[in-house]
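Worksheet for the structure shown next.
The values are calculated or read from the model by the stated rules, or taken from the named source; none is laboratory data. Note that the structure is predicted; figures quoted are calculated from it, not measured. Here the Cβ is made from the backbone with ideal geometry for all residues, glycine too, and neighbour counts use every protein chain on show. What goes into the accessible areas is simple: the full protein's heavy atoms, side chains included, and nothing from ligands, DNA or RNA. Shrake-Rupley method; radii C 1.70, N 1.55, O 1.52, S 1.80 Å.
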Amino acid sequence: GSADLSWVKESDPDTLHWIKKFQHWAKINTYVNRLMSGDISVLPDYVKHMAGEQHIFNELLNVIEAANQYNLDVDHILQQFEPQITAHQESSSVDKHSQQFLRQQSARFSYKLAKYSLNKGRYSYGFKCLLNALEKSATINNVLLTSNCSGLFDRFKAHAAPETLDQYEKLSQEVWKRNDKKDSFNLNSN
């Protein structure tokens, strides 16, 4: 669906601004849909668009999602946005609601980045991202993501250094303990 807004007759600045925004979103949606269906020819345009955006995390998630699904190499894109990625992974936002959302997003991103890196055989970086994701998924009590992390870890376990295994064990125990506490608490409070 193209964003044909020729029917909108108003031409005041507000309306024009809105039309521009709307066309922008429509374009992004087209990129995302094509990317998710395996059309990687849109990547350069998508990245060009990202470079002009303030919040690129949904975009980056999409890129990595597609990379994992279609076995693409997106290293150059990750390199281009490395400063933002680092900043995002270390950020702590003030506002409680956006903090929860950012943590969700950040945890998912770390997980997908881990998957991407491990599949590429970059084990130490991949495991670092994975432990990061596991820790984050625990703080936001995302049980699904926690078990995804565990599954991914098991798949690549053979490549983990001894200290990585130790870290993982410790972290896992903490995480599941926390989740157990949470569950039993829920049961009693009904």
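Observations, loosely collected:
- GLU82 open to solvent by 60 Å² or more (accessible area, probe 1.4 Å), within 12 Å of the chain's Cα centre (by Cα), at pLDDT below 95 and charged (D, E, K, R): no
- Note on the stretch 52-66: residues that are within 17 Å of the chain's Cα centre (by Cα) and open to solvent by 30 Å² or more (accessible area, probe 1.4 Å) amount to 6.
- Scanning the stretch 19-57 for residues that are among the small types (Gly, Ala, Ser) and in a helix (DSSP H, G or I), we see that the one that is nearest to PHE109 (Cα to Cα) is ALA51.
- Every residue from the stretch 10-34 that is hydroxyl-bearing (Ser, Thr, Tyr) and either modelled with pLDDT under 85 or open to solvent by 90 Å² or more (accessible area, probe 1.4 Å) (or both): SER11, THR15
- A search for C-beta distances below 8 Å between a residue of the stretch 137-164 that is at positive phi and any residue that is charged (D, E, K, R) and open to solvent by 70 Å² or more (accessible area, probe 1.4 Å), counting only pairs 6+ apart in sequence or on different chains, returns ASN141/ARG178; ASN141/LYS182.
- Checked against (1) under 21 Å from LYS120 (Cα atoms); (2) open to solvent by less than 80 Å² (accessible area, probe 1.4 Å), VAL47 passes all but condition (1).
- Filtered by the rule that a residue be more than 18 Å from LYS112 (Cβ to Cβ) and of a type in the set (D, E, K, R), the stretch 138-169 gives LYS157, GLU163, ASP166, GLU169.
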